[in-house]
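The values are calculated or read from the model by the stated rules, or taken from the named source; none is laboratory data. Model, not experiment: these values are computed from the prediction. Counting neighbours? That spans all protein chains shown, and the Cβs are built from the backbone with ideal geometry, glycine included.
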Amino acid sequence: MAERVAWSAARLRRASALDVVALASVALVVLVLFREPVRGFPIVASILRELVRRERVPRETILRDLRSRVPSREAERQIDTAVDRGRWADLFDYDADDGCFFRTEESQQR
């Protein structure tokens with residue numbers, strides 16, 4: 001994750017002001033995702049809670065709860081977004097073959 005955000009000192013010295021602003025924006029998003037995954041991302045928080053209880057969480061488990069509140073198509077869209085965000089932030093990964101969320105070695109250190 002750090003390599004996605006970190007720049008070498010030499011590159012940062014020759015970066016334009018817009019590059020610095022862009023880097024700061026990315027860093028802020030990463031901090032929000034790492035420090036408070038619950039705010040604004042309730043599905044991600046739900047997946048993380050389930051992963052505390054067990055090693056692998058079936059997609060259907062999360063979908064079942066979500067479908068009780070939103071239409072099926074919207075539930076699928078939200079799960080897909082959660083997969084992308086969780087992977088990007090190294091919070092968890094998703095095995096499409098098994099249809100399960102799981103913690104990677106990197107995500108378990110968080």
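Summary table
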| item | result |
| --- | --- |
| Residue satisfying condition, being hydrophobic (A, V, I, L, M, F, W, C), surrounded by 14 or more Cβ atoms within 10 Å (Cβ to Cβ), over 17 Å from Phe41 (Cα atoms) and in contact with a Lys or Arg (Cβ under 8 Å, 6 or more places away or on another chain), within set Phe92, Phe102 | Phe102 |
| Test: residue in the range 79-90 that is assigned to a loop (DSSP other than H, G, I, E, B) and at pLDDT below 75 | no |
| Residue check, Val70 surrounded by 12 or more Cβ atoms within 10 Å (Cβ to Cβ) and either in contact (Cβ under 8 Å) with a residue 60 or more places away in the chain or touching a strand residue (DSSP E or B) at 6+ places or on another chain (Cβ under 9 Å) (or both) | no |
